[in-house]
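Please read the structure below before turning to the comments.
The values are calculated or read from the model by the stated rules, or taken from the named source; none is laboratory data. None of these values were measured; they are calculated from a predicted model. Here the Cβ positions follow ideal geometry from the backbone for every residue, glycine too, while neighbour counts run over all protein chains shown. Please note that ligands, DNA and RNA were not included when accessible areas were found on the heavy atoms of the full protein model with its side chains. Shrake-Rupley method; radii C 1.70, N 1.55, O 1.52, S 1.80 Å.
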Amino acid sequence: MSDVAATNGATERSAPEREARDLRDAAAGALALRLPARWLEEHAVLPLYEDNGVVIVAADGALPPLVDDALQRALGVPVRAVPVHAADIRAALVGAPRGHGATTHDDPLRGEAAESLDDLRALASREPVVQVVNAMLGEAVRAGASDIHIETVAAGLRVRLRLDGVLHDAQQLGRGFQAAVISRLKVLAGLDIAERRLPQDGRARVRIGDRELDIRVSTLPALHGESLVLRLLDGGTAGDPSEARTLTALGFANDVYAQLTRMLARSSGLVLVTGPTGSGKTTTLYAALAERSTSRVKVVTVEDPVEYRLDGVVQLPVNVKAGFGFPNALRAILRHDPDVILVGEMRDAETAEIAVQAALTGHLVLSTLHTTDATGALARLSDMGVPPYLLAATLHGVLAQRLVRTNCEACSQWRPPTSEERALLGAHAGAIAQVRAGEGCTPCAGTGFRGRAAIAELLVFDEGMRAQFVAGASLAAMRASVRARGIPSLRDDGWRLVGAGRTTVNEVARVVSEDDVS
């Protein structure tokens, strides 16, 4: 066992029996009594003694930042860890007689941790709480929600579901359920239920009915208490691109699908998908991987986080805290002889540079960028410091996309467009004599929409575009050149779905703003 100082401050090495006794004495001492025994046992830490304004703490390795912070808050002084096996610490805590009442009223940790680890863990396992959480998840799955927003308000918990990209109120829970429901979800996701001051992220896999549900849980400390967002990675309705795993199911125009498929069949180069958060970029990339992933092709992804599990694909989650970011992951991937590489997002110059170099050296690289249209991706990569000649040598194309809600088949009706709709259609008004819209019914939860479809603008980076880009043409000139080639804009592609009766004029206008068009 490691050297442990006795409570009188002596630092000489003690016999195992004395070390065990000293640990038991520390566990029953005034410092340890200022913290809940369950919390100390869970984290395998034990305050030993104070030395020159610093509390010496037994710990099995370095103290995690959250534990270190909690100890300093409870003890009121800095702490320093000395190595002791976790089993010895827990044995001392179990065997030591601990009194009650040694805690002061201004000890913030004991009140929070005791409630979290003793009361809240019990609350989280009670049948009524389990039923409430299961019913919430079940309703979200039945409604085809992509996310559940659980927000703390003065009256308790407000629960909203994101259906087809739009939030809808689902239910209100009283304050009596607030701590229990949040604790239940944090336990499922493997989060620290005693930590309420810092954001946390975790994952859970639960069974709802006859299906397995993969959930990503994110917490935020808010004014009235913690708020949570649950991303239901396996949720969604049958026609929703969040569930679709093939390019044919995403609803792209025939020419876009054909050109994109040709790009993905290449052995090297760079293909980008752009759009804001929630525009379906990851879904499109996963569908692209499904096209390329065969027994003869090695596919490796680096993502933050890994959203869906793909058979036959090596998927690496980014871990920035451990020093495993996108650049490090990419360098490691290149040593594993991949054919196709998916980079979840090009966030910085280093990632972009390595990805472009990989595309130049015989790998097909797929990635995403946050830009409003396809041409904007060129400017974004240039701003990151990627030399235009390298980009021109590697880039095959850029797909800009959005998701629009599709009309509910149960309640949609055809009618002539209104004057406001004709004004939005502009030059396309003459070609669209009838539009279709839903009135709202039970299957669509009164919204008139059910499911979503992708609209896209595909920029094929041909020789003319390459020459123009390398020559330093402005973004406006590049956009004008794209339109001169007859490439439909995002809004143009939206009018395609309006004419087919799959969505509404106002929905396309909502998703594709005037800034996106210009």
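Points to keep in mind about this one:
- On the chain, 52 percent of the accessible area sits on carbon and sulfur atoms, based on a 1.4 Å probe.
- With R₀ fixed at 56 Å, the C-beta to C-beta distance from D383 to R21 puts the FRET efficiency at about 0.30.
- Relative contact order %, the chain, counting alpha carbon pairs below 8 Å whose residues are six or more apart: 10 percent
- Student exercise, the chain dipole from Lys, Arg, Asp, Glu Cβ charges, in Debye to nearest 20: 1180 debye
- Rounded tilt (10° steps) of 349-360 against the dominant C-alpha axis of the chain: 50 degrees
- Between A433 and A349, the FRET efficiency estimated from the beta carbon spacing at R0 = 41 angstrom works out to 0.25.
- Reported label for calculated Cα Rg over 2.2 N^0.38 Å given [x] 0.93; [y] 1.09; [z] 1.21: [z]
- Under 25 Å from the Cα of K281 - lysines, other chains or at least 8 residues apart: K298
- Between 0 and 90°, nearest 10: helix 65-75 axis offset from the chain longest Cα axis: 40 degrees
- Per-residue SASA entry for H363, accessible area with 1.4 Å probe, Å² rounded to 10: 20 Å²
- Backbone N under 19 Å from the D337 label point (7 Å along Cα→Cβ), restricted to segment 280-315: 293-301, 312-315
- Counting DSSP beta bridges with both ends in segment 191-342, the antiparallel % (nearest 5): 70 percent
- Rounded to the nearest 10 Å², the accessible area of R466 at probe 1.4 Å: 40 Å²
- Distribution of pairwise C-alpha distances over segment 370-433, 5 Å bins, in %: 3, 13, 13, 14, 12, 9, 10, 11, 8, 5, 1
- Rounded tilt (10° steps) of 16-27 against the dominant C-alpha axis of the chain: 70 degrees
- Estimated dipole of segment 356-464 in Debye, rounded to 20 [Cβ of Lys and Arg +1, of Asp and Glu -1, Cα centre]: 380 debye
- Ordered by solvent-accessible area of protein heavy atoms (1.4 Å probe), largest first, the residues R422, R309, R38 come out as R309, R38, R422.
- Unit charges on C-beta of K, R, D, E only; dipole of segment 431-508, Debye: 60 debye
- For the chain, the solvent-accessible area of protein heavy atoms averages 44 Å² per residue (probe radius 1.4 Å; ligands and nucleic acids excluded).
- For A87 and D169, a Förster radius of 56 Å and the Cβ-Cβ distance give a FRET efficiency of 0.65, rounded to the nearest 0.05.
- For Y389, solvent-accessible area (1.4 Å; no DNA, RNA or ligand), Å²: 150 Å²
- Mean residue ellipticity, 222 nm, helices only, the chain: the sum of -39500 (n - 2.57) across DSSP H runs of n ≥ 4, divided by residue count and rounded to 500, is -10500 deg cm²/dmol.
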